[in-house]
Amino acid sequence: RAAASRASWSSESSGSSGSWEPLYRVVLLGDPGVGKTSLANLFAGVQERDLLEQHGVAAYERTLCVDGEETTLLVMDTWEPEQRGDSWLRNQCLQVGNAYVIVYSITDRGSFESASELRIQLRRARQAEDIPIILVGNKSDLVRRREVSVEEGRACAVVFDCKFIETSAALQHNVAELFEGVVRQIRLRRGGKEA
Ligand code: GDP
């Protein structure tokens with residue numbers, strides 16, 4: 001069921017041809033080490049660190065059945081921090097997503113602050129668009145090392161007008177719920193557009 005595939009920036013555009021099931025690109029954003037790759041691997045059903053990275057862009061395609069309806073997500077784990085990433089790639093990441101998952105680690109306040117900056121960058125890059133965004137506090141299993149409270153995460157999501165969830169990739173807690181949430185957020189907007 002889980003299929004991993006190499007992404008190309010241009011070949012798979014969401015819903016471009018009517019007979020095809022639409023495919024939605026979900027871009028993971030966040031500081032290094034917060035758990036983006038771990039979450040992407042769980043989504044893909046890959047336990048080992050993925051084979052695709054050696055080919056370049058890491059992306060995972062999978063069809064989820066949510067509320068009795070199937071939706072295909074292409075989860076892209078391609079975000080690089082400013083120091084390392086080239087700005088073209090960063091800009092592509094901000095442009096191509098149909099939905100965004102902004103990840104921080106609850107054990108790293110700096111990554112929480114970066115999440116806010118990413119939200120601002122995203123707003124700037126996609127000004128008039130109403131794109132689904134989920135703020136994710138990962139590593140919820142590391143209770144003793146917590147630096148960011150659940151309340152702070154939730155409050156930040158309110159300010160930034162996005163959804164919020166805490167996950168643990170290590171315990172596989174709330175990871176399925178996260179991606180189901182992404183699907184629901186995409187559908188909410190899709191419904192709005194067609195109505
Ligand atoms: P990325 O740089 O954002 O892609 O982060 P990675 O997925 O590579 O994770 C960085 C490190 O954090 C790895 O050692 C992971 O095993 C660990 N990690 C990721 N998610 C969790 C989690 O939910 N809990 C714990 N305890 N460790 C995690």
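From the set of residues in region 91-106 that are within 15 Å of the ligand (Cβ to nearest atom) and either farther than 30 Å from VAL143 by Cβ or over 16 Å from the mean Cα position of the chain (by Cα) (or both), which is surrounded by the most Cβ atoms within 10 Å (Cβ to Cβ)?
The first filter runs over region 91-106 and keeps only residues within 15 Å of the ligand (Cβ to nearest atom), leaving 93, 100-106.
Still in the running and either farther than 30 Å from VAL143 by Cβ or over 16 Å from the mean Cα position of the chain (by Cα) (or both): 93, 106.
On the way: CYS93: 23, ILE106: 27.
Ranking the candidates gives ILE106 first.
Within the group ALA115, ALA128, which residue is touching a Gly at 6+ places or on another chain (Cβ under 8 Å) and among the aliphatic types (A, V, I, L, M)?
The conditions single out ALA115.
Assuming ILE131 fulfils every condition listed in (1) surrounded by 21 or more Cβ atoms within 10 Å (Cβ to Cβ); (2) more than 16 Å from the ligand (Cβ to nearest atom) apart from one, which condition is it?
Every listed condition holds for ILE131 apart from (1).
Each row is one residue, and each column tells you yes or no for (1) hydrophobic (A, V, I, L, M, F, W, C); (2) more than 12 Å from the ligand (Cβ to nearest atom); (3) surrounded by fewer than 21 Cβ atoms within 10 Å (Cβ to Cβ).
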{"site": "PRO81", "(1), (2), (3)": "no, no, yes"}
{"site": "ASP86", "(1), (2), (3)": "no, yes, yes"}
{"site": "LEU89", "(1), (2), (3)": "yes, yes, yes"}
{"site": "ARG123", "(1), (2), (3)": "no, yes, yes"}
{"site": "PHE160", "(1), (2), (3)": "yes, yes, yes"}
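Looking only at region 128-140, decide whether some residue is over 24 Å from ARG184 (Cβ atoms) and either free of Cβ contacts under 8 Å to residues at least 60 places away in the same chain or among the β-branched types (Val, Ile, Thr) (or both).
No, that holds for no residue.
Are any of the residues in region 179-190 within 16 Å of the ligand (Cβ to nearest atom), modelled with pLDDT of 95 or more and within 20 Å of PHE43 (Cβ to Cβ)? I'd like the intermediate steps shown before the answer.
We begin by selecting, within region 179-190, every residue within 16 Å of the ligand (Cβ to nearest atom); these are 179.
With modelled with pLDDT of 95 or more added as a condition, the list becomes 179.
Now narrow it down to the ones that are within 20 Å of PHE43 (Cβ to Cβ): 179.
There is at least one residue in region 179-190 that is within 16 Å of the ligand (Cβ to nearest atom), modelled with pLDDT of 95 or more and within 20 Å of PHE43 (Cβ to Cβ).
Pairs needed: first member in region 158-176, under 18 Å from VAL75 (Cβ atoms); second member anywhere, more than 16 Å from the ligand (Cβ to nearest atom); C-beta distance under 7 Å; at least 6 residues apart or different chains.
CYS162/ILE133; LYS163/ALA157; LYS163/GLY181; LYS163/GLN185; ILE165/GLY181
Condition test on ARG145, is it touching a residue at least 24 places away in the same chain (Cβ under 8 Å) and loosely packed, with under 15 Cβ neighbours inside 10 Å? Can you show your working first?
Values: touching a residue at least 24 places away in the same chain (Cβ under 8 Å): yes; loosely packed, with under 15 Cβ neighbours inside 10 Å: yes.
Yes.
Would you mind telling me which numbered condition in (1) at pLDDT below 95; (2) basic (Lys, Arg); (3) over 17 Å from the mean Cα position of the chain (by Cα) ARG146 fails?
With respect to (1) at pLDDT below 95; (2) basic (Lys, Arg); (3) over 17 Å from the mean Cα position of the chain (by Cα), ARG146 is out only on (1).
The values are calculated or read from the model by the stated rules, or taken from the named source; none is laboratory data. Note that the structure is a prediction, hence the values are computed from the model and not measured. As a convention, Cβ positions derive from the backbone with ideal geometry for all residues, glycine included, and neighbour counts pool all protein chains shown.
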